[in-house]
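Notes for the one structure printed next.
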Amino acid sequence: MKNEELKLLLTIDDRIIAEDIQNLLEESEIFTILVSDNPASSILTTYSGLNPVESIEIQINSKDYDQAIKILIDSSYQELLDI
């Protein structure tokens, strides 16, 4: 991403759903960053098969926020939004 201001789109506890939302948005050229509060979780999942607890922030460019909300409203992830 360029030096544009990032904005929090939503925070969820399921990495698979976070990655699905990331793919959905990136199909519409809205680039995302997933930020975990437990950075070691992906290593634990890979090597131990455990699914550790983590909170994942989905961040996007602030200029894409309204479009991202519209995409999520029209998707199966609408219930995750606090609107």
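Every read-out reported here was derived from the displayed coordinates using simple, explicitly stated rules and does not represent laboratory data. Everything numeric here is computed off the predicted structure, so don't read it as measured data. Positions of Cβ are backbone-derived with ideal geometry, glycine not excepted, and every protein chain shown enters the neighbour counts.
Points worth noting:
- Karplus 3J(HN,Hα) series, Hz, for region 27-37 with 6.51 cos²θ - 1.76 cosθ + 1.60 (x for Gly, Pro): 4, 9, 6, 9, 7, 10, 10, 9, 10, 9, 7
- For S36, net neighbour charge (Lys/Arg +1, Asp/Glu -1) across residues whose Cβ lies under 11 Å away: -3
- Contour excess over end-to-end distance, with Cα ends at I69 and V35 and 0.36 nm allotted per residue: 10.4 nm
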